[in-house]
1. Select from segment 52-97 the residues that are more than 13 Å from the chain's Cα centre (by Cα), in a helix (DSSP H, G or I) and under 15 Å from Leu137 (Cβ atoms) and list them in ascending order.
2. Out of segment 115-162, which residues are over 16 Å from Arg89 (Cα atoms), assigned to a helix (DSSP H, G or I) and touching a residue at least 40 places away in the same chain (Cβ under 8 Å)?
3. Going through segment 40-64 one residue at a time, which ones are among the small types (Gly, Ala, Ser) and surrounded by 14 or more Cβ atoms within 10 Å (Cβ to Cβ)?
4. I need the full set of residues from segment 65-105 which are surrounded by fewer than 18 Cβ atoms within 10 Å (Cβ to Cβ) and of a type in the set (Val, Ile, Thr), in order please.
Amino acid sequence: MSEPAVSLAAAEPAVSLPAVEPAVLAWRASRPVQRKPRLMMIEDDVVIAEMYRLQLRADGYDVDLATDGARGLAVLRRDRPDLVLLDIRLPELHGFQVLEQMREDRELKGIPVVVLSNFGDPGLVAEGRSLGARAHLIKSNTTPAELSAVVRQLLRGTGPAD
């Protein structure tokens, strides 16, 4: 048994939307569209990444995630975020390898990097700094709100966070 044909042209709209005043349309068009700052988080622990990402998104940032160093570097080259949050212990390429390759890449070397790691050994902190990391934060000592404050500070260009 065949279904009866329905003509879409004859269908009435289900909802009628009010007309927008021309002055409102002109006002919207005159306002500059502000782009949200884009962050790249390279972190293999998805639970930790999501904890930080929820706060960062709530604070107005777009946050992309890569769970290994090689994928993170590929996304960095493609998307060029405003700031990178980088773990040290990662599959494929560890964080310092990612940071080293970023600093050798003309397009990526100016992107600020925050090392976000469970390791706070002074030698690791110094290694990250020598490779250009702007801050080194210990995950267990850094709340999502604190991370967001550091990101805000670095994006404003007010200097290193540590």
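FYI, it's all coordinate maths here, none of it is from the lab. Every value quoted in this text rests on a predicted model; they were computed, and no experiment measured them. Reconstructed Cβ throughout: ideal geometry from the backbone, glycine too, with neighbour counts over all protein chains shown.
1. Gly95
2. Pro144, Ala145, Leu147, Ser148, Val151, Arg152, Leu154, Leu155
3. Across segment 40-64, the qualifying residue is only Ala49.
4. Answer for segment 65-105, where residues must be surrounded by fewer than 18 Cβ atoms within 10 Å (Cβ to Cβ) and of a type in the set (Val, Ile, Thr): Thr67, Val75.
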